[in-house]
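Okay, so here's the structure we're looking at.
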Amino acid sequence: MATTNIWQKFKALIPEGSRTIVTITANNSNGTSQAELRDGSVVTVKGESVEAGQKAFVQDGEIKGSAPELAQYEVEV
């Protein structure tokens with residue numbers, strides 16, 4: 001009787017690596033861009049598909065696409 005591991009099947013549904021939303025500050029014209037994180041730190045990421053001033057999804061150090069401009073709220077609980 002063959003058995004399947006439900007945990008392994010569940011993990012296969014979730015993409016590996018973390019996805020972060022950044023603000024692109026500059027395209028470097030060499031296949032990379034400068035991006036600012038929410039805490040204000042600046043990182044270099046692969047890709048130039050998003051224009052400066054726009055938000056982008058970054059996964060594993062690479063731009064995956066544009067992110068929507070949504071309002072952000074902080075709530076104390």
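The values are calculated or read from the model by the stated rules, or taken from the named source; none is laboratory data. Since the structure is predicted, the reported quantities are computational estimates derived from the model, not experimental observations. No Cβ is skipped: glycine too gets one built from the backbone with ideal geometry, and neighbour counts run over all protein chains shown. Heads up: the accessible areas ignore ligands, DNA and RNA and are worked out on the full protein's heavy atoms, side chains in. Shrake-Rupley method; radii C 1.70, N 1.55, O 1.52, S 1.80 Å.
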Averaged per residue, what accessible surface does the chain expose to a 1.4 Å probe, in Å²?
81
Below 8 Å, C-alpha to C-alpha, sequence gap of six or more: please give me the relative contact order for the chain in percent.
24
Residues with amide H under 5 Å of GLN54's amide H, sequence separation 5 or more or different chain, H placed in the peptide plane at 1.01 Å from N; which?
ILE24
Could you pull out the trypsin sites (Lys or Arg not before Pro) across the stretch 2-75 that fall in loop regions by DSSP (anything but H, G, I, E, B) with no more than 16 other Cβ atoms inside 10 Å?
ARG38
May I ask for the net charge around ALA35, where only other residues with Cβ less than 14 Å from the Cβ of ALA35 are counted and Lys, Arg are +1 while Asp, Glu are -1?
-1
List, in order, the whole-Hz ³J(HN,Hα) value for each residue of the stretch 27-44 obtained from phi through the Karplus relation with A = 6.51, B = -1.76, C = 1.60 and θ = phi - 60°; use x for Gly and Pro.
9, 8, 6, 10, x, 10, 9, 8, 9, 9, 7, 4, 7, x, 6, 10, 10, 9
Of (i) 14.4; (ii) 13.1; (iii) 19.0, which is the value of Kirkwood radius over Cα pairs in Å derived from the coordinates here?
(i)
Whenever you get a sec, compute what percent of the accessible area on the chain sits on carbon and sulfur atoms (1.4 Å probe).
52
Of GLU62, GLU16, which has the most accessible area and how do the rest follow, probe 1.4 Å?
GLU16, GLU62
Relative to the Cα centre, what is the charge dipole magnitude of the chain, using +1 at the beta carbon of each Lys and Arg, -1 at the beta carbon of each Asp and Glu, and rounding to the nearest 20 debye?
400
